[in-house]
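Accompanying notes for the structure given below.
The values are calculated or read from the model by the stated rules, or taken from the named source; none is laboratory data. All values derive from a computational prediction rather than experimental measurement. Every residue, glycine among them, receives a Cβ derived from its backbone with ideal geometry; neighbour counts consider all protein chains shown.
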Amino acid sequence: MIWWQELKRRFVFAFNGLALLAKDKNIRLHLFLGLLTILAGCLLKLYNYEWVLVWILIGGVLALESFNCALEKLADRVSTKPDPLIKAAKDMAAGAVLIFCIIAMGIFVFMAVQHMF
């Protein structure tokens, strides 16, 4: 296969994944919260370097939630019966998303306070 055909094939897989993610309620929630963050940033008139950080944080939250979603789908495929190890893996992945969200919120609040006072 020619290299550009292989590259095209890989992008098709990636866009299929994005289409599947768009149906996930947690991804949609994070997208909505990301849009609220962008709106708040506009109202606060963030500096360029702060916008870079905001975009990195939003992207990080969405990427982590995407991995969490993929892990949950895979785990559900492995076993539909309650399994303590699968539950632990799902809970840890959700915890990783929560940790990143808390850190992202803290950073944004810190930046917002600087613009308010």
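The table below lists the values:
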{"read-out": "Enumeration of residues in the stretch 18-29 that are in a helix (DSSP H, G or I) and free of Cβ contacts under 8 Å to residues at least 40 places away in the same chain", "value": "Leu18, Ala19, Leu20, Lys25, Arg28, Leu29"}
{"read-out": "Failed item, numbered, when Met111 is tested on (1) modelled with pLDDT of 95 or more; (2) out of contact with any helix residue (DSSP H, G or I) (no Cβ under 9 Å at 6 or more places or on another chain)", "value": "(2)"}
{"read-out": "Unique residue being surrounded by 15 or more Cβ atoms within 10 Å (Cβ to Cβ) and not hydrophobic (A, V, I, L, M, F, W, C) when the list is Asn68, Asn48, Asn16", "value": "Asn68"}
